[in-house]
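First the structure, in the form of structure tokens, and then the observations on it.
The values are calculated or read from the model by the stated rules, or taken from the named source; none is laboratory data. Predicted, not measured: the structure shown is a model, and the values here were computed from it. Methodologically, a virtual Cβ is constructed for each residue, glycine included, from the backbone with ideal geometry; neighbour enumeration extends over all protein chains shown. These accessible areas exclude ligands, DNA and RNA; they are computed on the full protein's heavy atoms, side chains included. Shrake-Rupley method; radii C 1.70, N 1.55, O 1.52, S 1.80 Å.
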Amino acid sequence: MTQDEEVDVVVVGGGYTGLWTAYYLALAAPRWRVLVVEQETVGFGASGRNGGWCSALFPTGAQGLARRHGRSAALAMRAAMRATVDEVVAVCAREGIDADVVKGGTLTLARTPPQLARARAQASAATDWGDEVALLTAAEAQARVGAADVLGATWAPDCARVHPMRLVQGLADAVERRGVRIAEHTRATSLGPGAVVVEGRPVGGDSARDRAPRPSATVRARHVVRATEAWTSRLPGLRRAVAPVYSLVLATAPLPAATWSRVGLARYETFTDHRHLVVYGQRTADDRVVFGGRGAPYHWGSAISPHHDVAPRVFAALERTLGDLLPDLRGVPVTHRWGGPLGVPRDWHASVGLEPDGVARAGGYVGDGVATSNLAGRTLADLLTGRDTDLTRLPWVGHRSRPWEPEPLRWLGVNAGLRAMTLADAEEHLTGRQSVVARAMAPLLGH
């Protein structure tokens, strides 16, 4: 973009949140002029770099939602999240988005006595919130996946495996077919009521002219949507809104049928275990294992850098964890490694909202954004078009998280929390009892 213009809605951010919002606006208000601006390319952030879980998980648990908003609100939120998984699957079918979508549910293994206790508690409490969680015996779990040291597991149906980049690219194609414009390599330098100032970024080229900034332009709009997730911390005045925390992912080479006959996952279930430091995996359409997890440090000042995507120590730990979990994968070649930041609000509570001045926002998914962003997009479309619906009455609408502490407290606090989860898992492995550290941390994590 090199000149000023006027639209009905300008969406800042070309990831899932921004594209889902544009998609549902195009359906609800087809005559509106909608523009999506993205400083890199669509899906450059977490939308294109995640582990491919489209799940009903929400960063604040049902009990935490009930404490904050009441039981009926928590029930409504859980029902909306379950329905959202099916909505994403349905849109992919309707729009012809080839994102390798299979709704196989999630297997969460229990491999220590404390993990088994959490599995039983989760299965027991699930029906109170309308969720379906089946408790599996060790034999039933191992019939599905050839994991080591399995004492039991839970299985929940509300998760679909997806190819994240194919989903975001297919969604971008779908919104463009409906008349939405997407301006890539266009950075928002400021946003506020009624206007976004953008600056085009040069692409490629070796000359000084190619590397020089392009002229800025002002996009005026009735509504401005901030859909920037972890990158929110880089916007003026919003450095403390979310903490960008990195999650790293690896992919193995395609595995032969003989290996898969031992590993299992024949229904393409996503998989994890009941540890405290999050890990996640899936079997891909081309028979790789994609496996990721937390553990990379938070960087001072909410910094985001391509250098942070590369953390050899964390990738080595992920390989060891995968081999410990699935012994048949020890030593298999790892062909791809990647990572990126996710947005963590101070209270671990995702939110959507529309201010009286016409500025809308959504985010703070804490890594649970593949499905939650779809719910955000539908909710924002309803809010922007002035409709009073079940979605606009959900408890996360209008929620505000308080800012993170200034540095150095933010750096100390976030990294201490990450370290605490590692220590909690080690404590349980050594003692065979529920972690004291994890109990102390639970209120800080929205549990």
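For this structure, a couple of remarks:
- Residue separation of S305 and A28 scaled by 0.36 nm, minus their Cα-Cα distance, works out to 96.0 nm of gained length.
- Computed from the C-beta positions of D357 and H429 and an R0 of 41 Å, the FRET efficiency is 0.20 to the nearest 0.05.
- With only the Cα atoms considered, segment 121-168 has a convex hull volume of 110 Å³ per residue.
- When all alpha carbon pairs of the chain are counted in 20 Å bins from zero, the resulting P(r) reads 25, 59, 16, 0 %.
- Per residue, segment 294-407 exposes 41 Å² of accessible surface when a 1.4 Å probe is rolled over the protein heavy atoms with every protein chain present.
- Our estimate of slack between T137 and R439, defined as 0.36 nm per intervening residue step minus the Cα-Cα distance, is 106.1 nm.
- Descending principal axes extents, segment 64-158, alpha-carbon based, whole Å: 42, 38, 15
- Rg/Rh ratio calculated on Cα atoms of segment 308-402 (Kirkwood radius): 1.18
- R0 of 35 Å, Cβ-Cβ distance T189-H336: FRET efficiency to nearest 0.05: 0.55
- Note, ³J(HN,Hα) from phi for segment 55-64, Karplus 6.51, -1.76, 1.60, rounded to Hz, x at Gly and Pro: 10, 7, 5, 10, x, 9, x, 4, 5, x
- The label point for R387 and the one for S261, both projected 7 Å from the Cα toward the Cβ, are 5.2 nm apart.
- Excluding ligands, DNA and RNA, the accessible surface per residue across segment 1-141 is 39 Å² with a 1.4 Å probe.
- Packing around the peptides 92-104, 45-57, 297-309, taken as the average count of other Cβ atoms within 10 Å per residue, puts them in this order, highest first: 45-57, 92-104, 297-309.
- With Cα atoms as the point set, the radius of gyration and Dmax of segment 208-359 evaluate to 20.1, 60 Å.
- Of all accessible heavy-atom area on the chain, the percent that carbon and sulfur account for (1.4 Å): 54 percent
- Helix-only [θ]222 nm of the chain, DSSP H runs n ≥ 4, -39500 (n - 2.57) each, per residue, nearest 500: -10500 deg cm²/dmol
- Working value for segment 76-115: equivalent-ellipsoid semi-axes of 29, 16, 5 Å, each the square root of 5 times a Cα gyration tensor eigenvalue, largest first.
- The ellipsoid that matches the Cα gyration tensor of segment 1-65 has semi-axes, each √(5λ) in whole angstrom, of 28, 17, 10, with the longest given first.
- Using the Cβ-Cβ distance between S72 and E405 with R0 = 51 Å, the FRET efficiency computed as 1/(1 + (r/R0)^6) comes to roughly 0.95.
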